[in-house]
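Asks: Supplied in structure tokens, the structure appears directly below.
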């Protein structure tokens, strides 16, 4: 998370009645992207809170970022890895845990996988 | 072993102290040696098959991946300094080198990355920084180190001290250090800027007044000497006080007595005096602007602080110190300055000394939105061509400027600077000494 320049936004609509909520596939391309002005811990946490973000799902996260996000009242599920779609599925199922590895499921068509703290 | 060469390779890789991993062209880990397990805290079993960026979690993974660069250019990258995130959420400083792996036909089949844990070196670096820090004063300059050596002895004595130095060289820090190290450290420390007040006000400020001493003096007011009783008074810019006040100050330094305005009897002053000036007091004495008897009274122990332009080696140390301080104060996470920005800081002549440098770093903190301070974040006057400080003949100034510039280009490395200048190291040393840059 410390070096993440791009965030993907998963809106509550998509969770409740949308594709993600009904167990469908969510691709990276379907999600809005967000680029923050400030990537310092305090500024990042404040901007995310200001945007109404409630939960941050990310890969590696340092102690200082974790503390700042929690202090800003955000829930954090860190150290997660795998394709975005699989992570969202696990989150919607309520099974996503910190440190979880969500492996790529075999499909007919492959999906792009990008690095970073999205 | 001959039949299973991969086992032999694994043994070889595991015996290396540096972390080594290999990836395929999709950036999936294909091997992960024992040192890599130790440094990252991830087992090889867990790592192999994962994308390297999901395991390695370095600050270059997303935007500036060294392996990807090697794939694109076919070139090796050697000794790149990066931070990885350990499993406990702490940053681990490492040095990374990458190369591509090719098959017999020369096609790229993957890449190899070796990395060295720099934690111990970083600790040593911090230890050195601690060694160069003394009572909030930071310097590795030999003149400053000599001052650090004598200050405890100066502090122990009761002698009056005169601190000389240009504006912004840290005269008050020295005064405070003398107080903190002295037997009076439990007493008050009172600082007065003699240039900040008109003479009449300064007198009442220093010595106080009694009720009725003048119109509006409705009650007694203790002066700074009274407030500093049992402790230390720091008289900054002492060279700017008037001749009349110099007489009164002389009496305090000689007899340890003073008279508040309107008083009929003198008061005793148990106060240690530390005076400071950014002017050449000896020259003022010669010009008749400062009393020679007061000068000699104040000049019992003299400490002369060198200007920052004569202690260029301290600029990186001070920059690191100010970055750490502003990070804490402004809740930011700026990691450092780029090489270009540091070279710019080293080239500047700092007429405002450490205070100007502090202001420049603070300016950069306002402008910088990322992790590294770049040249464009620094104040504009730093990028403007510097006018050489006029000192002696133009030839001398030019030589001094050339020395400063070349040293800055090589971050203070004298051997490299001597090579570029085409002179022997001892010649360079002699020249630096002559120009007060050593």
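Asks: Ranked highest first by average number of other Cβ atoms within 10 Å, how do B:222-228, B:271-277 line up?
Replies: Final packing ranking: B:271-277, B:222-228.
Asks: Restricting to DSSP H runs of at least four residues, report the calculated mean residue ellipticity at 222 nm for chain B, -39500 (n - 2.57) per run over all residues, nearest 500 deg cm²/dmol.
Replies: -12500 deg cm²/dmol
Asks: Just checking the output field for A:50-61: average partner chain Cβ neighbours within 10 Å of each residue's Cβ?
Replies: Whole-number average of other-chain Cβ neighbours for A:50-61 is 2.
Asks: Which one of B:144, B:344, B:27 has the biggest mean-square fluctuation once chain B is modelled by GNM with Cα springs under 10 Å?
Replies: Top of the fluctuation ranking is B:27.
Asks: Let me ask something else. Could the peptides A:50-60, B:173-183 be put in order, highest first, of the mean number of other beta-carbon atoms found within 10 Å of their residues?
Replies: Output ranking for A:50-60, B:173-183: B:173-183, A:50-60.
Asks: What angle, in degrees between 0 and 90 and rounded to the nearest 10, separates the Cα long axis of helix B:5-14 from the longest principal axis of the Cα atoms of chain B?
Replies: 10
Asks: Can you give the convex hull volume of the alpha carbon atoms of region B:281-389 per residue, in Å³?
Replies: Dividing the Cα hull volume of region B:281-389 by its residues yields 140 Å³.
Asks: Now a separate question. Quick one: angle between helix B:243-255 and the longest Cα principal axis of chain B, in degrees between 0 and 90, rounded to 10, please.
Replies: Orientation of helix B:243-255: about 90 degrees from the principal axis.
Asks: Right, another one. Only Cα pairs within less than 10 Å get springs; with that Gaussian network setup on chain B, which residue of B:417, B:99, B:146 has the largest fluctuation?
Replies: Of the options given, B:99 has the highest mean-square fluctuation.
Asks: Still on this structure, I have one more. Cα atoms only: what Rg and Dmax, in Å, come out for chain B?
Replies: According to the Cα coordinates of chain B, Rg and Dmax are 30.0, 107 Å.
Asks: Would you please classify the overall shape of region B:4-57 from the alpha carbon gyration tensor, given that a ≥ b ≥ c denote the square roots of the eigenvalues, rounded means a/c under 1.5, and beyond that prolate means a/b larger than b/c while oblate covers the rest?
Replies: Oblate, since a/c reaches 1.5 and b/c is not below a/b.
Asks: Let me ask something additional. When each pair of different Cα atoms in the protein assembly as shown is counted once in the 1/r mean, what is the Kirkwood radius in angstroms, to one decimal?
Replies: 28.7
Asks: Another question about this same structure. Relative contact order, percent, of chain B when contacts are C-alpha pairs under 8 Å separated by at least 6 residues?
Replies: Over chain B, the number comes to 11 percent.
Asks: Going by the alpha-carbon gyration tensor, a ≥ b ≥ c the square roots of its eigenvalues, is region B:127-208 rounded (a/c under 1.5) or, if a/c is not under 1.5, prolate (a/b greater than b/c) versus oblate?
Replies: Prolate.
Asks: So if I take the centroid of the Cα atoms in region B:222-258 and the same for region B:395-428, what is the distance between those two points in Å?
Replies: 46
Asks: Taking 7 Å along the Cα-to-C-beta vector as the label spot, tell me the residue B:87-residue B:10 distance in nanometres, rounded to one decimal.
Replies: So the two model labels end up 1.9 nm from each other.
Asks: Still on this structure, please answer the following. How much length is gained if the chain between residue B:409 and residue B:199 is pulled fully straight, taking 0.36 nm per residue apart and subtracting their Cα-Cα distance, in nm to one decimal?
Replies: Here the answer is 70.8 nm.
Asks: Find the relative contact order for region B:165-308 and round it to a whole percent, using C-alpha pairs within less than 8 Å whose residues are 6+ positions apart.
Replies: 30
Asks: How far is helix B:314-330 tilted off the main Cα axis of chain B, in degrees rounded to 10, range 0 to 90?
Replies: Between helix and principal axis, roughly 90 degrees.
Asks: Along each of the three principal axes of the Cα atoms of region B:49-142, give the extent in whole Å, ordering the values from largest to smallest.
Replies: Answer, in whole Å and largest first: 62, 32, 21 Å.
Asks: Within a 10 angstrom radius of the beta carbon, how do B:295, A:35 rank from fewest other beta carbons to most?
Replies: A:35, B:295
Asks: If you average the C-alpha positions of region B:313-334 and of region B:87-102 separately, how far apart do those two centres end up, in angstrom?
Replies: Value for the Cα centre distance between the two parts: 25 Å.
Asks: Follow-up. When the Debye formula is applied to the Cα atoms of region B:175-325, each taken as the same point scatterer, what base-10 log of I(q)/I(0) results at q = 0.15, 0.16, 0.17, 0.21 Å⁻¹?
Replies: Relative scattering, expressed as log10 I(q)/I(0), comes to -0.85, -0.94, -1.03, -1.37.
Asks: Report the calculated FRET efficiency for residue B:255 and residue B:227 (r = Cβ-Cβ distance, R0 = 30 Å), to the nearest 0.05.
Replies: After rounding, the FRET efficiency stands at 0.95.
Asks: Can I ask one more? Taking the Cβ-Cβ separation of residue A:5 and residue B:153 as r and a Förster radius of 51 Å, what is the calculated FRET efficiency to the nearest 0.05?
Replies: 0.40
Asks: Let me ask you something else. How many percent of all Cα-Cα pairs in region B:183-270 sit more than 19 Å apart?
Replies: That tail contains 36 percent of the Cα-Cα pairs.
Asks: With a cut-off of 14 Å, note down the residues of region B:309-331 whose backbone N falls inside the zone around a label point 7 Å from the Cα of residue B:121 toward its beta carbon.
Replies: Correct set: none at all.
Asks: For region B:103-139 and region A:36-90, what is the centre-to-centre distance using only Cα atoms, to the nearest Å?
Replies: 28
Asks: Still on this model: Is there a simple number for the mean count of other chain Cβ atoms within 10 Å of the Cβ of residues in A:62-69, and what is it?
Replies: Per-residue shielding by partner chains comes out at 3.
Asks: Can you pull the mean other chain C-beta count within 10 Å for peptide A:87-94?
Replies: Mean shielding by partner chains, rounded to a whole number: 0.
Asks: Now for a different question. Computed FRET efficiency, Cβ-Cβ of residue B:383 and residue B:38, R0 45 Å: what is it to the nearest 0.05?
Replies: After rounding, the FRET efficiency stands at 0.50.
Asks: Hey, what's the Cα Rg ratio for region B:1-96 versus the globular rule of thumb, 2.2 N^0.38 Å?
Replies: Working it through for region B:1-96, the quotient is 1.09.
Throughout, read-outs are computed from the coordinates displayed, never taken from laboratory work. Computed from a prediction, not measured in an experiment: that's the story for all the values here. Ideal geometry is used to build each Cβ from the backbone, glycine not excepted, and the neighbour counts take in all protein chains shown.
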